[in-house]
Amino acid sequence: MSKKAAKILLVGNPNVGKSVIFNRLTGSDAVVSNYPGTTVDYTEGTFISGKQEYTVIDVPGAYSLEARDKAEEVAVRMLHEHRDATVVVVLDATRIERGLYIALETIEMGRSVLIALNMIDMAHDRKISVDDRKLQKLLGVPVVPLTAITGEGIMQLSDMIRKAQASDVKDILARAEGRASEPAQASGCAGC
Amino acid sequence: MLNSVTQVLNLKMKLSEMEFGAEGVITEINTEKQKINAMGIRVGKKLKMITKQPIKGPVVSTCGELEVAMGVDLASQVVVDVD
Amino acid sequence: MQKEEHPNRHKRQVVQGADMVLNEDQRWSLVDLLAKQTISAGTYKQTVWDVIGELTVKPLTGIPVAFAVLYAFWSVFGSFAGALCTDGFFVKFFDNHFLPWMQAIWPDPNSILYFLFVGDPLADNCFEAFGVLTSGLFIAIGVVLPAVLIFYLMMAILEDSGYLPRLAVLVDTLLHKMGLHGYAIVPTILGLGCNVPAITATRILETKKQRFIMMTLLAIFVPCGAQLGIMLEVIPESVGYVMLFLLIGYVVFGYLLSKIVPGTNPEILIDVPPYHMPQRANITKKLWMRTSGFIINAVPFVLLGVLFINLLYIGGVIQWLSDVFAPVFVHWFGVPKETAGPLIAAFLRKDLAVAQLSNIEMTQYQMISAVVLISIYFPCVATFVVMLKEGWKELLAAVGVLFAVAFIYGGIIHAIGILLGVA
Ligand SMILES: Nc1nc2c(ncn2[C@@H]2O[C@H](COP(=O)(O)OP(=O)(O)O)[C@@H](O)[C@H]2O)c(=O)[nH]1
Ligand SMILES: [Mg+2]
């Protein structure tokens, strides 16, 4: 493998399962606990998918990219330091709205994004269903549902990482308001 | 009774002054809006006051699937249309 | 140096490279539009976890539960680590078999090597011997390892259940008076395991002021699991008093610092996640990671610590320091001048220092004062290093505060002893 390792950043709200996903992907031992703020520094790991080696960075959780505490500052800094990295935004399927905010912020940065829709098991228990296909169409970036603690969907996630792409909020807005119906994937370059 | 009056009029109230278990729709967030929004507490959302701690302790409320604790001064900046 | 309290400083950078950027309100309304079209919620029945979730955060039920949880934590810790493992097994093994064996096979009891590695040839227990391979191994493996193991287990359960944010809500009122807010309970509890990750965890606090106060209090008043374990073994009847003095110091000096340290102390604003059943796989993994971390990092340190202290004894350094500082120790702190030795050891490992204290002749109150002094006078070297990583200015300030606090509080404790007629 002569190709340089591609970089992936795992970002999202605190306590949505980023570290569980990180451990699943890389076989590492990032600390996982059930309270916001378990990860206050970044951790790196690697994995291989489809002959491509990836360096994954487990980033501290953030509610938005306007950092409130030092852990969030680390998150924002990581996003700026790794400009070429693909960003996997992890959402908690039971608390999607709050996660979508930082997902949009990341998309607005012009980053190549993939959404990991985690905690599908919890959503199921709580009778919440999320239309991931619809979300994917609206956002114009791939959305992968998964349950990280059981490992369900992790394979799909690692397969889809190379499909991560940038999207334009203008188009997202248009689609969400029903002004445009074409999904982003169809045109490939939604903005031009 | 006062209770029935509030039910009819839909009283506007600070979150910090709401009764335990009272519900309503958020109408205003006066300070630190961005910070509170980021936690998922936003104007137009339904909110339920769960509890507050004695001696000006924090207020805990749920907003959909979210449960958030905030200091009493922050809570007094969140205005709720109580039903 | 990190500049902070400029929440918008990244904003300009965010704008670059993007085609279109929404303002906050526009972004939230887009979120609403997206959510409306993709999420559908059925009717959800409350589960028993949700009910427990409410009960543990309401003051009337939550505060008694918090006391019960902490009490259970402490008594499991004491009975398992102290009584079951250490007294029931390791003390017998080390004192009756290992120590006599070492004393028998190591040649020439008068040699320096014997003194360094086996210690006192006449000792009949592993606290007194104070050799690298006798006391060192006994303290590290026999006393502290079972203590940290059980501590880490209970901490992992607390962490994974989702109880910590609720505890944070309950203690917020008190902590807010100390220039912090409730979430500072997270670094505090982590610190009771080990101060090193606790110092890093102060990053979850918003302002410099909060982080500085938290770091300083951690370094001074929060004893680590290793120290708790050895205290339970060496001074079981006085641990309560030591903890009380540390707790009072934590609250009082927290309050004073909140008045002195410039900066702001924003209110608590945290997410309270739903309870989860802790998963066994995750608990075992964390337990294994932390325990193996302890064995790899701490055990060699304890052994080296014993070696280092023994060398200082041989070189007469400790004797000299004891004499130089005798007036301060005896008259100001009210402890024997020999406390100088353990105080030096305390910089390497607090557990080692407490073990060493147990060999010094003194009254119970002197013992309590000496153990408190060991806890507060300086952080161990590992903690010192992570504090340095969080910023050297803060570290210097913290060290200044620390010496002042140790001096004042040590004197006050002595005075209290005099007033009570026990010093
Ligand atoms: N039910 C459920 N819990 C999960 C899932 N993924 C993570 N968790 C739990 O969510 C909590 C937070 O996970 P963590 O990886 O530490 O979140 P992070 O803060 O985003 O890194 C832990 O208690 C995990 O066990 C999932 O897919 N389903
Ligand atoms: Mg994490």
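Restricting the range A:1-14 to residues that are buried (at least 24 other Cβ atoms within 10 Å of the Cβ) and either near ligand 2 (Cβ under 8 Å from one of its atoms) or not aliphatic (A, V, I, L, M) (or both), which is nearest to the other protein chains (Cβ to nearest Cβ)? If we take residues in the range A:1-14 being buried (at least 24 other Cβ atoms within 10 Å of the Cβ) and either near ligand 2 (Cβ under 8 Å from one of its atoms) or not aliphatic (A, V, I, L, M) (or both), then A:ASN13 is nearest to the other protein chains (Cβ to nearest Cβ). Among the residues making up the range A:13-25, those that are in contact (Cβ under 8 Å) with a residue 24 or more places away in the chain and more than 6 Å from ligand 1 (Cβ to nearest atom) are A:ASN13, A:ILE21, A:PHE22, A:ARG24, A:LEU25.
If only residues of the range A:25-44 that are at the interface with chain C (Cβ under 7 Å from one of its Cβ atoms), more than 8 Å from ligand 2 (Cβ to nearest atom) and of a type outside the set (Ser, Thr, Tyr) are counted, the one that is farthest from C:HIS276 (Cα to Cα) is A:ASP41.
Is it the case, given these coordinates, that A:ARG126 is basic (Lys, Arg) and either within 7 Å of chain C (Cβ to nearest Cβ) or in contact with an Asp or Glu (Cβ under 7 Å, 6 or more places away or on another chain) (or both)? In short, yes.
Counting only residues that are closer than 23 Å to C:GLY293 by Cβ, more than 11 Å from ligand 1 (Cβ to nearest atom), in contact (Cβ under 8 Å) with a residue 40 or more places away in the chain and in contact with a Ser or Thr (Cβ under 6 Å, 6 or more places away or on another chain), the range A:26-62 holds 2 of them. The number of residues in the range C:187-228 that are hydroxyl-bearing (Ser, Thr, Tyr), touching a Pro at 6+ places or on another chain (Cβ under 7 Å) and closer than 18 Å to C:PHE253 by Cα comes to 1.
If you check C:LEU256, C:LEU247, C:LEU269 for being within 14 Å of chain B (Cβ to nearest Cβ) and without any contact (Cβ under 8 Å) to a residue 40 or more places away in the chain, only one passes: C:LEU269.
For (1) within 21 Å of the chain's Cα centre (by Cα); (2) surrounded by fewer than 22 Cβ atoms within 10 Å (Cβ to Cβ); (3) closer than 21 Å to C:VAL386 by Cβ; (4) within 14 Å of chain A (Cβ to nearest Cβ), each residue gets a yes or a no:
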| site | (1), (2), (3), (4) |
| --- | --- |
| C:LEU116 | no, yes, no, no |
| C:THR173 | no, yes, no, no |
| C:LEU180 | yes, no, yes, yes |
| C:LYS209 | yes, yes, yes, yes |
| C:MET215 | yes, no, yes, yes |
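Per the conditions (1) in contact with a strand residue (DSSP E or B) (Cβ under 7 Å, 6 or more places away or on another chain); (2) part of a helix (DSSP H, G or I); (3) within 23 Å of C:TYR183 (Cβ to Cβ), the sole criterion not satisfied by C:ASN282 is (1).
Considering the range B:10-83, the qualifying strands (runs of 3 or more DSSP E), each wholly inside and each with 2 or more residues that are on the phi < 0 side of the Ramachandran plot and acidic (Asp, Glu), run over B:23-29.
When A:ARG162 is tested against (1) away from ligand 1 (no atom under 16 Å from the Cβ); (2) touching a residue at least 60 places away in the same chain (Cβ under 8 Å); (3) within 14 Å of the chain's Cα centre (by Cα); (4) crowded, with 20+ Cβ neighbours inside 10 Å, exactly one condition is not met: (4). Looking at the range C:20-78, the helices (runs of 4 or more DSSP H) lying wholly inside it that each contain 2 or more residues that are more than 8 Å from chain A (Cβ to nearest Cβ), touching a residue at least 12 places away in the same chain (Cβ under 8 Å) and among the aliphatic types (A, V, I, L, M) sit at C:59-76.
Taking the criterion of being without any contact (Cβ under 8 Å) to a residue 24 or more places away in the chain, crowded, with 20+ Cβ neighbours inside 10 Å and farther than 30 Å from C:LYS286 by Cβ, would at least one residue in the range C:131-148 satisfy it? So far as the range C:131-148 goes, no, none of its residues is without any contact (Cβ under 8 Å) to a residue 24 or more places away in the chain, crowded, with 20+ Cβ neighbours inside 10 Å and farther than 30 Å from C:LYS286 by Cβ. For the residues B:GLY21, B:GLY57, the requirement of being in contact (Cβ under 8 Å) with a residue 24 or more places away in the chain and not hydrophobic (A, V, I, L, M, F, W, C) singles out B:GLY21. For A:ALA180, the criteria (1) of a type outside the set (Asp, Glu); (2) more than 10 Å from chain C (Cβ to nearest Cβ); (3) under 30 Å from C:ASP160 (Cα atoms) hold in every case but one, which is (3). A count restricted to the range A:129-159 and to residues that are polar (S, T, N, Q), more than 8 Å from chain C (Cβ to nearest Cβ) and within 16 Å of ligand 1 (Cβ to nearest atom) stands at 4. When restricted to residues that are part of a helix (DSSP H, G or I) and free of Cβ contacts under 8 Å to residues at least 60 places away in the same chain, the range C:354-373 contains 5. Filtered by the rule that a residue be over 14 Å from B:GLY44 (Cα atoms) and either over 10 Å from the mean Cα position of the chain (by Cα) or surrounded by fewer than 18 Cβ atoms within 10 Å (Cβ to Cβ) (or both), the range B:13-29 gives B:LYS14, B:GLU17, B:GLU19, B:PHE20, B:GLY21.
Bear in mind these aren't lab numbers, they're just calculated from the coordinates by the rules spelled out. All values derive from a computational prediction rather than experimental measurement. Please note: Cβ atoms are built from the backbone with ideal geometry, for glycine as well, and neighbour counts cover all protein chains shown.
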